[in-house]
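Student: Just dropping this structure here.
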Amino acid sequence: MENERFRLTMAMNSDHYPFFLLNIPAVSIVQDWENGLSVNDSSDMIENLDPDRLEEVVGLVLEVVFKL
């Protein structure tokens, strides 16, 4: 189901979708799929950014980068 939700969301409003069509893997590291699909829409503004989520994402990205 998540892959289908990702595909539909990307088809509707994302610049990642062309990569998906070419079978180039992509991940959404910020979007919380459980809380809706507000990607690249009118609610996608800095005022709606969750600082705790951003901190979590940055921590995970740094963890992966430093393992390379």
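Values in this text are rule-based calculations from the coordinates and carry no lab data. Since this is a predicted model, take the numbers as computed values, not measurements. Every residue, glycine as well, gets a Cβ built from its backbone with ideal geometry; the counts of neighbours run over all protein chains shown.
Student: How far is it, in nm, from the label point at residue 68 to the one at residue 47 when both lie 7 Å from their Cα along the line to the Cβ?
Tutor: Reported label-point gap for residue 68 and residue 47 is 3.6 nm.
Student: Using the Karplus curve 6.51 cos²θ - 1.76 cosθ + 1.60 with θ = phi - 60°, work out ³J(HN,Hα) for each residue of segment 51-65 in order, rounded to whole Hz, and write x for Gly and Pro.
Tutor: x, 5, 5, 4, 4, 4, 5, 4, x, 5, 5, 4, 4, 5, 4
Student: I've got another one for you. If each residue of separation counts as 0.36 nm, what is the full-extension length gain between residue 22 and residue 54 once their alpha-carbon separation is subtracted?
Tutor: Working: separation 32, 0.36 × 32 = 11.52 nm, distance 2.87 nm.
Additional length available on full extension: 8.7 nm.
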